[in-house]
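Visitor: Dropping a structure here in structure tokens format, bear with me for questions.
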Amino acid sequence: MTADRIFTAVKVALALAFGMNIAGLLGWVERKQSAVMQDRIGANRASIFGLRLIGLFHPIADALKMMTKEDFVPKNANRLLHAAAPMIALGFGLLCLAALPFGGTVTVAGRLWSLQPIESSVGLLFVLAMLSLGVHGVVMAGYASGSNYGLLGGLRGAAQMISYEVCLASTLAAAAFLYGTLDLQQMVRWQGHSLGGWLPAWGIFLQPLGFVLFLTAGAAETKRAPFDVPEGESEIVGYHVEYSGMKFGMFLISDFIESIVIAGLIATIYLGGWQVPWVTTLDGISGGILMLISFTVKVLLVLFLLMQIRWTLPRFRFDQVLDLGWKNILPLALFNFLATVWAVYLWGGR
Amino acid sequence: MATRIATVQRPKRDLEVQIYLWEVWKGLGVTFRHLFVNMGRHVLRSLGLGRVPGAVTIQYPEDPAMLGRRARTRHRLLKRADGSPRCTACLLCETICPAKCIRITAEDSPDVMVEKRAKTFDIDIGMCVFCGYCVEACPVDAIHMDSNEVEICSYTRKDMIWNIQELLGDKKKTPSAHPAPTHAASAPPKP
């Protein structure tokens with residue numbers, strides 16, 4: 001089955017390319033979206049041969065700058081951990097992407113092709129596990145840089161992300177119970193039917209509370225504003241204060257990648273994944289392309305919303321972040337879970 | 001003395017505010033409105049249809065700087081109707097100048113009614129603090145700060161000194177050429 005393995009490798013590579021490209025694009029979106037909503041213009045000076053293209057070259061300029069900058073390691077930093085931290089943060093984030101169902105299965109040239117890079121019956125657990133492992137990068141960065149500010153940032157990051165892992169998992173437990181599976185692909189398939197003949201059976205309609213909770217906990221998990229206390233550039237610069245050059249760039253990208261993972265999970269679990277509303281049969285090459293487009297559009301829309309939230313709300317205080325997680329979201333998530341269990345018991349799943 | 005006490009009501013924190021979700025939604029409404037209105041204006045302008053700009057940004061080097069009508073900019077000396085400088089070399093501006101950037105030497109004026117006129121009138125713009133005292137002090141309204149020029153720069157400190165012809169506008173200020181960069185601090189640029 002060498003062909004299958006090659007196909008899987010190609011799919012994983014494409015998933016990583018999807019993540020990296022959208023992460024680069026997010027650097028542009030972040031600047032431009034914040035600029036337009038604040039009545040500004042935003043970065044538009046980078047040009048290639050006088051061509052500006054509304055600032056689209058700025059991510060390239062960013063990458064070039066990061067790569068050519070000095071890679072500085074503080075004197076009392078642990079060199080090994082200092083170098084490993086950004087790779088862990090970015091690597092596990094990228095691994096999550098490979099488990100997302102970008103599309104269903106299509107029949108092309110007489111055989112089935114699955115458009116999900118890593119097919120696993122416990123895909124949801126895999127993504128959650130990889131997200132939790134990504135926390136290690138943050139903690140390690142703060143711990144290894146030999147700076148008190150970095151350590152503070154790392155501690156905050158650890159406390160926040162572990163708290164919100166609990167919220168994420170307990171919110172997803174309800175969804176997993178509703179769909180009766182941990183397989184992300186099966187979840188998307190489940191959302192293919194329609195409620196009352198016209199409303200697509202997406203998670204957002206069946207689990208509205210879960211959707212709001214997951215959006216909040218997910219935004220906190222990406223540690224971007226309003227939950228950016230681990231970075232908090234105006235109080236402590238955060239866990240990556242001692243990083244420069246491309247190592248810092250990797251932290252930057254890993255933030256975006258985590259946003260993409262969260263957006264991908266929201267799209268998969270609550271927005272029907274690759275399903276196109278009111279289209280029941282998707283097959284062949286055109287069907288596969290339609291699936292990919294549908295999934296990408298949903299991910300981009302969620303990212304747009306996350307970006308808007310990031311530029312609208314001010315930063316929570318650290319105790320407020322933990323209060324929100326443990327005292328509000330977690331009880332509501334458990335209530336949501338119990339309500340889902342009762343509903344499934346009473347009305348039998350479908 | 002009567003003391004006036006104004007009671008400031010704390011904003012109410014009822015359930016609607018405490019839940020925070022509705023407040024977040026209202027905030028998002030504001031930012032989304034700005035986003036879409038500005039996007040629409042940008043698109044209309046790029047199509048050549050709309051006139052309202054989508055941003056308040058002035059892209060300065062390309063677009064000219066917008067100065068207020070009362071902005072104090074580079075000085076200029078004014079002339080009488082017959083073309084002679086209004087300045088009577090009374091030295092009031094030189095005296096009041098807090099930065100001591102004005103240097104005037106006087107000479108006899110051919111007009112007996114005027115008595116004196118400026119032989120030289122140098123302003124070191126590099127030292128000027130643009131306070132406008134010279135304009136206020138002048139009894140004959142000879143100096144104004146309304147040339148609307150703020151981009152004054154040169155490669156040498158000497159070039160920042162404007163003489164009377166340049167301030168009157170009779171001669172255009174021509175800066176000396178960019179001196180060759182010398183990395184050795186001891187070697188002064190050749191004149």
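The values are calculated or read from the model by the stated rules, or taken from the named source; none is laboratory data. What you see is a predicted model; the values in this text were computed from it and never measured. As a convention, Cβ positions derive from the backbone with ideal geometry for all residues, glycine included, and neighbour counts pool all protein chains shown.
Visitor: When you check residue A:334 against the structure, is it in contact (Cβ under 8 Å) with a residue 60 or more places away in the chain, crowded, with 21+ Cβ neighbours inside 10 Å and assigned to a helix (DSSP H, G or I), yes or no?
Guide: When the stated conditions are applied, residue A:334 does not pass them.
Visitor: When you scan region B:55-67, do you find a residue that is assigned to a loop (DSSP other than H, G, I, E, B), in contact with a helix residue (DSSP H, G or I) (Cβ under 8 Å, 6 or more places away or on another chain), without any contact (Cβ under 8 Å) to a residue 40 or more places away in the chain and within 14 Å of another protein chain (Cβ to nearest Cβ), even just one?
Guide: yes
Visitor: Condition (residue is of a type outside the set (Val, Ile, Thr), surrounded by 14 or more Cβ atoms within 10 Å (Cβ to Cβ) and farther than 22 Å from residue A:183 by Cα) applied to region A:262-276: is it met by at least one residue?
Guide: Looking for residues that are of a type outside the set (Val, Ile, Thr), surrounded by 14 or more Cβ atoms within 10 Å (Cβ to Cβ) and farther than 22 Å from residue A:183 by Cα, one finds none in region A:262-276, hence no.
Visitor: A further question on this structure: Output the number of residues of region B:73-131 satisfying the condition of being surrounded by 14 or more Cβ atoms within 10 Å (Cβ to Cβ), part of a loop (DSSP other than H, G, I, E, B) and of a type in the set (Lys, Arg).
Guide: Result for region B:73-131: 2.
Visitor: As an exercise: evaluate residue A:284 against (1) at positive phi; (2) in contact with a Cys (Cβ under 7 Å, 6 or more places away or on another chain) and give the number of the one condition it does not meet.
Guide: Unmet for residue A:284, out of (1) at positive phi; (2) in contact with a Cys (Cβ under 7 Å, 6 or more places away or on another chain): (2).
Visitor: Here is a follow-up. Just to be sure before I move on: is residue B:39 loosely packed, with under 10 Cβ neighbours inside 10 Å, among the aliphatic types (A, V, I, L, M) and not assigned by TED's automatic domain parsing to the domain that holds residue B:134 in the structure I sent?
Guide: So residue B:39 fails the test.
Visitor: Could you list, in sequence order, all residues of region B:144-172 that are free of Cβ contacts under 8 Å to residues at least 12 places away in the same chain and buried (at least 18 other Cβ atoms within 10 Å of the Cβ)?
Guide: B:166
Visitor: Restricting attention to region B:8-51, and to residues there that are in contact with an Asp or Glu (Cβ under 7 Å, 6 or more places away or on another chain) and within 26 Å of residue A:324 (Cβ to Cβ), which single residue is nearest to the other protein chains (Cβ to nearest Cβ)?
Guide: Among those that are in contact with an Asp or Glu (Cβ under 7 Å, 6 or more places away or on another chain) and within 26 Å of residue A:324 (Cβ to Cβ), it is B:22.
Visitor: Could you please let me know if residue A:40 is exposed (fewer than 12 other Cβ atoms within 10 Å of the Cβ) and assigned to a loop (DSSP other than H, G, I, E, B)?
Guide: It is false that residue A:40 is exposed (fewer than 12 other Cβ atoms within 10 Å of the Cβ) and assigned to a loop (DSSP other than H, G, I, E, B).
Visitor: Could you identify the single residue in A:335, A:304 that is away from every other protein chain (no Cβ under 14 Å) and among the aromatic types (Phe, Trp, Tyr)?
Guide: The unique qualifying residue is A:335.
Residue-by-condition table, conditions (1) free of Cβ contacts under 8 Å to residues at least 60 places away in the same chain; (2) more than 14 Å from every other protein chain (Cβ to nearest Cβ); (3) among the acidic types (Asp, Glu); (4) under 26 Å from residue A:102 (Cβ atoms):
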site: A:6; (1), (2), (3), (4): yes, yes, no, yes
site: A:16; (1), (2), (3), (4): no, yes, no, yes
site: A:54; (1), (2), (3), (4): yes, no, no, no
site: A:59; (1), (2), (3), (4): yes, yes, no, yes
site: A:67; (1), (2), (3), (4): no, yes, no, no
site: A:76; (1), (2), (3), (4): no, yes, no, no
site: A:82; (1), (2), (3), (4): no, yes, no, no
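Visitor: Something else: Mind listing whichever residues of region A:90-114 are surrounded by fewer than 21 Cβ atoms within 10 Å (Cβ to Cβ) and closer than 26 Å to residue A:283 by Cα?
Guide: A:105, A:106, A:107, A:108, A:109, A:110, A:111, A:112, A:113, A:114 - these are the residues of region A:90-114 that are surrounded by fewer than 21 Cβ atoms within 10 Å (Cβ to Cβ) and closer than 26 Å to residue A:283 by Cα.
Yes/no per residue for (1) buried (at least 24 other Cβ atoms within 10 Å of the Cβ); (2) in contact with a helix residue (DSSP H, G or I) (Cβ under 7 Å, 6 or more places away or on another chain):
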residue: A:124; (1), (2): yes, yes
residue: A:137; (1), (2): yes, yes
residue: A:142; (1), (2): yes, yes
residue: A:145; (1), (2): yes, yes
residue: A:148; (1), (2): no, no
residue: A:155; (1), (2): no, yes
residue: A:159; (1), (2): no, yes
residue: A:163; (1), (2): no, yes
residue: A:169; (1), (2): no, yes
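Visitor: Please determine whether any residue of region A:241-259 is more than 28 Å from residue A:212 (Cβ to Cβ), more than 14 Å from chain B (Cβ to nearest Cβ), surrounded by fewer than 20 Cβ atoms within 10 Å (Cβ to Cβ) and aromatic (Phe, Trp, Tyr).
Guide: Yes, because at least one residue in region A:241-259 is more than 28 Å from residue A:212 (Cβ to Cβ), more than 14 Å from chain B (Cβ to nearest Cβ), surrounded by fewer than 20 Cβ atoms within 10 Å (Cβ to Cβ) and aromatic (Phe, Trp, Tyr).
Visitor: Which condition breaks for residue A:29 when tested against (1) part of a helix (DSSP H, G or I); (2) within 23 Å of residue B:41 (Cα to Cα); (3) of a type outside the set (Phe, Trp, Tyr); (4) at pLDDT below 90?
Guide: (4)
Visitor: Here is a further query. Is it the case that some residue within region B:135-143 is buried (at least 16 other Cβ atoms within 10 Å of the Cβ), assigned to a loop (DSSP other than H, G, I, E, B), within 17 Å of the chain's Cα centre (by Cα) and small (Gly, Ala, Ser)?
Guide: no
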